[in-house]
1. With 10 angstrom as the radius, rank Y93, Y57 by how many other C-beta atoms surround their C-beta, starting from the fewest.
2. How much length, in nm to one decimal, is gained on full extension between V23 and R6, taken as 0.36 nm per residue of separation minus their Cα-Cα distance?
3. Quick one: net charge of T62's neighbours, Cβ under 13 Å, K/R +1, D/E -1?
4. Shape call for segment 1-86 from the C-alpha gyration tensor, a ≥ b ≥ c root eigenvalues: rounded (a/c under 1.5), prolate (a/b greater than b/c) or oblate?
5. What's the percent breakdown of Cα-Cα distances in segment 57-100 across 5 Å bins, shortest bin first?
6. Can you tell me how much longer the chain between L49 and L32 gets when fully stretched, taken as 0.36 nm per residue apart minus their C-alpha distance, in nm with one decimal?
7. Can you give the extra length, in nm with one decimal, that the chain gains between R40 and T59 once fully stretched, where that is 0.36 nm per residue apart less the Cα-Cα distance?
8. Treat the count of other C-beta atoms within 10 Å as a stand-in for reagent exposure and order K35, K47 from fewest to most.
Amino acid sequence: MIPQVRQALEQQRKITPLDREWVFSAPEGGPLDAKNFCKRVWSPLLKHLGLPYRRPYQTRHTAATLMLAAGEQPQFVSSILGHSSTQMLYSTYSRHVRNMTRRDGSAMAKMLSTSQESPSSLLGIFLGMFPKQS
């Protein structure tokens, strides 16, 4: 869980009555009713913001895409989503995140351009990691 989400949940928990099992609860203390939430809160909020309707569940995909686009590790994003591997993550989100797999050499080029070592000395270090063949 990212720190901002944890902090928001902890703040909400502080104002939730202690006898409630749920952080966000219906007036009688049970879980929120999804249809009621969408009708009374979600849809009016989207309309107020001038956004097209989308199901609340779709924000999961938005969050995953934004995390990947921000450079979060795919393994971390997979764990946040509850996936056991990154396979589903790559098949679902890679088309939405430009250069997520970095298969164009830009990551290596950036590393070399920001390194204090010259490319030739980096090559020397790399080649020195392997024993010489006779």
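Computed from the coordinates by the stated procedures, all read-outs in this text should not be read as laboratory data. Treat the numbers as computed from the prediction; the structure is a model and nothing was measured. Virtual Cβ from ideal backbone geometry, glycine too; neighbours counted across all protein chains shown.
1. Starting with the residue having the fewest Cβ neighbours, the order is Y57, Y93.
2. Here the segment from V23 to R6 would lengthen by 4.9 nm.
3. Values: positive: R54, R55, R60; negative: none.
Counting the neighbours of T62, the net charge comes to +3.
4. Details: a/c = 2.15, a/b = 1.30, b/c = 1.65.
Taking the square roots of the gyration eigenvalues as a ≥ b ≥ c, segment 1-86 is oblate.
5. Reading the bins upward from 0: 5, 26, 40, 25, 4, 0.
6. 3.9 nm
7. Value of the extension gain: 5.1 nm.
8. Numbers: K35 8, K47 11.
So the ranking, lowest neighbour count to highest, is K35, K47.
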